[in-house]
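Where a number appears in this text, it was derived from the coordinates with a stated rule and is not lab data. Values in this document were obtained by computation on a predicted structure and should not be read as measured data. Using ideal geometry, Cβ is built from the backbone for each residue, glycine included, and neighbour counts are taken over all protein chains shown.
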Amino acid sequence: MDSATELGGWINGDESAKEMLERVLTERPLLLLPPLHRVPLRVGNVVEIVGPSPSAKTQILVQAAISCVLPREWNGVYYGGLERLVIYFDLDCRFDILRLSESLKLHIMEANRSSNMNNGGPNEDFNFDEELFVSCMKRFLYVRSYNSFEFLAALKTLHCQLQKESEAHGVGVHFLMIDSISAFYWVDRASAMLPIGGDKRKSISLQSVTETVVQEIQNLLQMQPMLVLASKATIFGDGPLSSEAKRKWSLQDASDLKTSTMDLQKYSYRDYMPSVWQSFVTHRVLVRVSDEYLANSKHLITPIYETEWLLPPLSFLDKFTVKDAGIFMIA
């Protein structure tokens, strides 16, 4: 090939402008909304959000989902969203869709109110845009699984579903969310080895199930690049937890929030998922309840949460609180 042909090929290029933009936007790192704003992330990254219950892990997923399904701009109002699809796996089977919808409504109303004030209008409440709300909710794809086998079955058939949804909405999937990846860990671990065929076939075990989950997600990422966000409950301690520690982290009421940071830090974070999942994770952030509280105008006490990046390790903590409209950082 002569130099003129090479030069012509370089000028003409081997991809269209649309393909170039899709490639650049896919490869460019982005910053998520707080409290996941400290580390730039790319599609293909696997971010693990770990913490005891309750520690606002699901709320972090909800906030990220809302920022994804909202458009960047709608009818002249800036919302700052990605206008992309979200696939949300609910493995805990405790997800409250009303919580998502109410938070989305508040985001829409707040953006409308801010836009009106910037244009010199009065600071008054706005009814949310029903058409915008419906279009955003349609971009949130929800899947509930009650055991590992249902989760695996959903992953294996997900590619075809995502293709149909992407064609229907005209946009691709940006987030693959799993809440919580450890939901079936203890059941799978306690289950006896279950033979599924002859001697030459594998038996079903925690290790084999986890390996298959990771493989299926890897296959999905190859066919449709996404950013994976997975929540996971924590285990603290270098050895077996004491009965007092178990009592503190098992209660689901207000007394659980009174656990001080000093007490919590007596136990170091301990990863218990199989190594195949641990090596699959590219980023990890620890979320926990602080020993501080925030009093509001209604004399209600709101817990303050802390986030600490473990992978990559960062030397500072971020603090935030959760309100009806979402997560708010505390200086």
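So, counting K/R as plus one and D/E as minus one, what does the shell of residues with Cβ under 10 Å around Gln278 add up to?
Value of the local net charge: -1.
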Checklist outcome for this item: Taking a ≥ b ≥ c as the square roots of the Cα gyration tensor eigenvalues, with a/c under 1.5 meaning rounded and otherwise prolate when a/b beats b/c or oblate if not, segment 31-75 comes out oblate
Item to check | Packing rank of 34-41, 158-165, where each peptide gets the mean count of other beta carbons within 10 Å, highest leading | outcome: 34-41, 158-165
Checklist entry - What is the calculated FRET efficiency for Tyr272 to Glu110, with r their C-beta to C-beta distance and R₀ = 51 Å, to the nearest 0.05? => result 0.80
Checklist outcome for this item: Charge tally for neighbours of Phe95 with beta carbon under 13 Å away, counting Lys, Arg as +1 and Asp, Glu as -1, is 0
Item to check | Nearest-0.05 FRET efficiency for Leu300 and Gln215, computed from C-beta distance (R0 56 Å) | outcome: 0.75
Next on the checklist: For Ile235, what residues show an amide H to amide H distance below 5 Å, using hydrogens built from the backbone and excluding near sequence neighbours?
Outcome noted: Arg270
Checklist entry - With each label point set 7 Å from Cα along the Cα-Cβ vector, what nm distance links Leu314 and Ser135? => result 3.3
Checklist entry - Taking a threshold of 27 Å on the Cα-Cα distance, which of the pairs Lys138/Lys319; Lys57/Lys138; Lys57/Lys105; Lys164/Lys232; Lys138/Lys323; Lys57/Lys164 fall above it? => result Lys138/Lys319; Lys164/Lys232; Lys57/Lys164
